[in-house]
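The values are calculated or read from the model by the stated rules, or taken from the named source; none is laboratory data. All values reported here derive from a predicted model rather than from experimental measurement. Virtual Cβ from ideal backbone geometry, glycine too; neighbours counted across all protein chains shown.
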Amino acid sequence: MGRNFKAKLNGFTLLELLIALAISAIVITAGYTALHLTADLFHNNSEHNSQNVMLLQSNYLLQKDFFEAHLIYIEGNELKFFGKDSINAIYDISEDFMIRNQKEGLDTFKFDEINYGFGFKGKAMNIGFIDSLTIVFKQEEEKRIILLKEYTAESLIDMNRRDNEF
């Protein structure tokens, strides 16, 4: 029964396997971390872009309504934009959203915080006709919109007539 145990088998030692396993774990962890950071960056960038798009849309529509309006009236949480014959748009305003209601439908704009300021001929107004509007949107950073309207003589005469109705 003479077996030859002196023949050496080619293989890896336990230490070599542990080193290979450790290197593999480091490479996999680095790959996962890079993938996770890239995904987070993409998500944050997408969210930031959607907030900017919403801000641009709300700014565009608000300026359009403001400058096309014949008269602008604030009462409570409602900002009304009058045309010559009817109301063109009504904005329901709150501390964190604006809802634009018009004939074509509703537009809702949600922000972290919104501060409003209304005025007429340099005087702050909470109710009545206005010719200035200041809005401060607070998202990641503060963005301020200031709109000033020059009423025509016809609009001012109509304002005096309508002021008695309200």
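Report whether or not Ser132 is loosely packed, with under 15 Cβ neighbours inside 10 Å and of a type in the set (Ser, Thr, Tyr). It is false that Ser132 is loosely packed, with under 15 Cβ neighbours inside 10 Å and of a type in the set (Ser, Thr, Tyr).
So which of Gln51, Gln63, Gln57 is closer than 30 Å to Asn160 by Cβ and assigned to a helix (DSSP H, G or I)?
Gln63 is the lone residue from the list that is closer than 30 Å to Asn160 by Cβ and assigned to a helix (DSSP H, G or I).
Taken over segment 92-118, the criterion of being among the basic types (Lys, Arg) and assigned to a strand (DSSP E or B) is satisfied by Arg100, Lys110. The criterion of at least 3 residues that are more than 28 Å from Val53 (Cα to Cα) is met, among strands (runs of 3 or more DSSP E) falling completely within segment 119-166, by 127-129. Regarding Lys110, is this residue loosely packed, with under 12 Cβ neighbours inside 10 Å and not small (Gly, Ala, Ser)? When the stated conditions are applied, Lys110 does not pass them.
Please count how many residues of segment 61-80 are of a type in the set (S, T, N, Q) and modelled with pLDDT of 90 or more. Summing the residues that are of a type in the set (S, T, N, Q) and modelled with pLDDT of 90 or more in segment 61-80 gives 1. Scanning segment 8-20 for residues that are in a helix (DSSP H, G or I) and surrounded by 10 or more Cβ atoms within 10 Å (Cβ to Cβ) gives Glu16, Leu17, Leu18, Ile19, Ala20.
Whenever a residue of segment 123-141 is under 18 Å from Tyr151 (Cβ atoms), it has no partner that is among the acidic types (Asp, Glu) and surrounded by 19 or more Cβ atoms within 10 Å (Cβ to Cβ) lying with C-beta atoms less than 7 angstrom away and at least six residues away or across chains. State yes or no: is Ser58 at pLDDT 90 or above and of a type in the set (S, T, N, Q)? The answer is no for Ser58.
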